[in-house]
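Please treat every number below as a calculation from the coordinates, not as lab data. These figures come from a predicted structure and were not determined experimentally. Ideal geometry is used to build each Cβ from the backbone, glycine not excepted, and the neighbour counts take in all protein chains shown.
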Amino acid sequence: MSSSDDEGSGEEYLFKIVIIGDSAVGKSNLLSRYARNEFNMHSKATIGVEFQTQSMDIDGKEVKAQIWDTAGQERFRAVTSAYYRGAVGALIVYDITRRTTFDSVGRWLEELNTHSDTTVARMLVGNKYDLENIRDVSVEEGKSLAETEGLFFMETSALDSTNVKKAFEIVIKEIYNNVS
Ligand code: GDP
Ligand code: MG
């Protein structure tokens, strides 16, 4: 994260946001939907850590979010501290059709907490809302966990775009409020 004066054009903000959660919950697709409006049914994990930068305007200021996606390391429970370093925002994602991914949220929160030395704006995301007919985790359970842990909460679909932009923008605005 940085904030600096830059002649004439006012302040500039760059916020690092990480996306965490179990394998195959839709992390990569949430990011590609938000940053490029793309969805991939057969997305494969790539090698190495990747991020995408997306800008939004808040109070007439350009705010850039540098959003990091794991490269599939979560399968081996080996997301490194470099991934978390400097993060001021996080989306903790589970799949509403797979309870085990919801059960893992606590572990992801602990890992995030271990690696962060600052206030992190956190959003719990129940993804695959389009598969509501085979839902395995109720909205109430998601909401309740979010309340207990002090997280924002949203159900999303990277497939049909439901709430994807909203989820990222709430986090970005919260970070902005935390630092400005
Ligand atoms: P990651 O391992 O958490 O990065 O998950 P991916 O983004 O690679 O997605 C895993 C699988 O779930 C892929 O087959 C995606 O097409 C699928 N997927 C991701 N998001 C959604 C969603 O919102 N709805 C549905 N139905 N499938 C999704
Ligand atoms: Mg991925």
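Sorted fewest first by neighbouring Cβ atoms within 10 angstrom, E110, E149 come out as E110, E149. Label separation (M41 vs K165): 2.6 nm, computed from points 7 Å beyond Cα along the C-beta direction.
Counting beta carbons within 10 Å around each of R33, R135 and listing the fewest first gives the order R135, R33. Taking packing as the residue-averaged number of other Cβ atoms within 10 angstrom, the listed peptides 12-23, 157-168 run from highest to lowest as 12-23, 157-168.
Rg/Rh for the range 51-94 (Cα atoms only, Rh after Kirkwood) is 1.06. Computed from the C-beta positions of K173 and Q52, the FRET efficiency with R₀ = 22 Å rounds to 0.75.
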